[in-house]
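One structure below.
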Amino acid sequence: MVDPDLTVAIAGKTLPNPVGVASGTFGFGEEYEGLTDTASLGAVYTKAVTPEPRAGNPPPRLAETPAGMINAIGLANPGLAAFLSEKVRILERLPCPAIVNVAGAVMADYLKVAEAMEEVDSVWGIELNVSCPNVDHGGMAFGTDPKVLESLTYAVRKVYSKPIIVKLSPNVTDIGEIARAAESAGADALSCINTLTGMKVDVLRRQPVIPRGTGGLSGPAIRPVGVAAVWKVSKAVGIPVIGLGGISSAEDAMEYLLAGASAIQVGTALFGEPDIPGRILGGIKIYMVQEGFSRIADLHGFF
Ligand SMILES: Cc1cc2nc3c(=O)[nH]c(=O)nc-3n(C[C@H](O)[C@H](O)[C@H](O)COP(=O)(O)O)c2cc1C
C-alpha cells in the first residue's frame with residue numbers, strides 16, 4: 001500500500017501532517033532543539049505574543065493534579081519587539097510551519113500583533129488566543145461572548161491575509177455558538193480546547209497552591225472534554241477544527257480525528273516526552289495503513 005496522504009488543508013495552504021505542538025508548551029522552539037525532531041512536526045504553535053513584554057504571574061505557576069496539571073503562567077512572553085528581533089530567527093530555522101499564538105487585553109493589542117505578523121514571511125498563520133483563563137483582563141472575555149469574538153475576528157481578518165485560527169475555550173455554555181461566530185467573521189480554522197479552569201488547595205497552608213487561586217487544567221484529565229468539544233464544533237461549522245487537550249498517544253489523537261478534527265496538537269505530554277509527536281504521527285500512519293485509509297481527511301464523518 002502507498003504511504004497515506006497526511007497533509008492538512010487550511011485556507012488554501014497546507015500543513016505537512018496533522019500533528020502540531022501546542023502553544024505555551026513549546027516556547028518558540030529553541031528549548032526543544034535537539035530534543036524534538038521538528039522536521040516531523042505538522043506545525044509549531046508558538047507561545048502567545050502580546051504587544052508589550054509580560055513577566056507573567058508570580059510563582060509557583062504550575063501544580064500537579066491527577067492525570068494532569070494546573071498552570072497560571074499569565075502569558076509571560078518577551079513582547080512584539082523582541083519577538084521580531086530575536087524569535088523570528090528561530091522560527092526561520094524551523095523545518096515545519098510556524099503559527100504564532102496572539103493574545104491581548106484589548107482588541108487593539110490583537111490587531112497590533114496581527115498586523116506585524118502579516119509582514120513576517122516565516123509565519124505560516126496566526127492562532128488567536130481568546131481563551132486564556134490565567135490573566136485578569138482580556139483573553140478569556142473575547143472567547144466567551146459570541147458578539148465580542150465576532151468583532152475581534154472580523155477586525156483581525158481585515159489586517160491579516162494568511163490563515164487565522166481561533167482557539168476556543170471549553171469554559172462556555174454553548175461552544176457551537178462561539179464557533180459559528182468566529183467562522184462567520186472570517187476565521188479559517190478553529191482550535192479547541194484551551195485549558196479548563198481549575199484549583200488545587202494546599203490543605204496545611206490553607207491556601208491555593210497557585211497564588212492567584214485558579215489556573216488552567218491540562219493533560220489527560222481534560223481529554224474527554226476536548227473530544228466532545230471537537231465533535232460539537234465540527235458539527236457546527238464548515239471550517240477545519242484542530243483538536244487538543246490531553247493527547248499523549250496515537251490512540252488519543254485518533255479519538256480527536258474520528259470525532260471531527262482535521263489536525264491535532266500535543267501540549268502537556270511534551271513535558272514528559274519531548275519526542276512524543278513523532279511517535280504519535282507514526283501511530284496514526286500505522287492506523288491508517290491497517291484500517292485502509294489513504295487520506296487523513298477521510299478519518300472523520302462516522303458519527
Ligand atoms: C504551561 C502552559 C502554557 C500555555 N500557554 C498557552 C498560551 O500562551 N496560549 C494558548 O493559546 N494556550 C496556552 N496553553 C494551552 C495549551 O496550548 C493547550 O490548549 C492546553 O494545555 C490543552 O492541551 P494539553 O492537555 O495537551 O496540554 C498553555 C498550556 C500550558 C500547560
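Values quoted throughout were computed directly from the atomic coordinates according to the rules given, and no laboratory measurement underlies them. Quick caveat: nothing in here was measured; it's all calculated off a predicted structure. Positions of Cβ are generated from backbone atoms using ideal geometry, with glycine treated the same way; all protein chains shown enter the neighbour counts.
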Problem set entry | Highest-MSF residue in the chain out of THR153, THR36, THR268 [GNM, Cα springs under 10 Å] | THR36
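Could you give the DSSP H helices of the chain that reach 18 angstrom or more along their long axis (alpha carbon positions) and whose average Kyte-Doolittle hydropathy is no lower than -0.5?
Numbers: long enough: 146-159 (20 Å, 0.13); 223-236 (20 Å, 0.44); 276-291 (22 Å, 0.53).
Answer set is 146-159, 223-236, 276-291.
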Exercise. Which cross-chain or sequence-distant (5 or more) residues have an amide H under 5 Å from the amide H of ALA22, H modelled 1.01 Å from N in plane?
Worked result: VAL266, GLY267
Exercise. Which length gain, in nm to one decimal place, applies between SER249 and THR65 when the Cα-Cα distance is subtracted from 0.36 nm times their residue separation?
Worked result: 64.3 nm
Exercise. Can you work out the base-10 log of I(q)/I(0) for region 8-299 at q = 0.09 1/Å, using the Debye formula on its C-alpha atoms alone?
Worked result: -0.38
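What GluC sites (Glu not before Pro) in region 1-102 are in a loop by DSSP, with at most 16 other Cβ atoms within 10 Å of the Cβ? Each step should come with its number before you reach the end.
Details: sites: GLU30, GLU31, GLU33, GLU64, GLU86, GLU92; in loops: GLU33.
Sites meeting the loop and neighbour criteria: GLU33.
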Seminar exercise, completed: Of SER40, SER85, SER169, the most mobile residue in a GNM of the chain (C-alpha springs, cutoff 10 Å) is SER85
For this session: Any chance you could check the Cα centroid distance between region 234-303 and region 60-129 for me, in angstrom?
Result: 23
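Report the net charge of residues surrounding PRO274, where surrounding means a beta-carbon distance below 10 angstrom and charges are Lys +1, Arg +1, Asp -1, Glu -1.
Numbers: positive: none; negative: GLU31, ASP37, GLU273, ASP275.
Spelling it out: positives minus negatives among the neighbours equals -4.
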Exercise. What ranking do 157-164, 224-231 get when scored by the average of other Cβ atoms within 10 Å per residue, highest first?
Worked result: 224-231, 157-164
Exercise. With each pseudo-label sitting 7 Å past Cα toward Cβ, what's the ALA82-VAL201 distance in nm, one decimal?
Worked result: 3.7
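Share of antiparallel DSSP beta bridges in the chain, in percent to the nearest 5?
Working: 16 of 43 bridges.
The antiparallel fraction comes to roughly 35 percent.
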Problem set entry | Gaussian network model of the chain, springs between alpha carbon atoms under 10 Å - residue of GLU183, GLU255, GLU273 with greatest fluctuation | GLU273
Exercise. Dipole magnitude of the chain about its Cα centre, charges +1 at Lys/Arg Cβ and -1 at Asp/Glu Cβ only, in debye to the nearest 20?
Worked result: 620
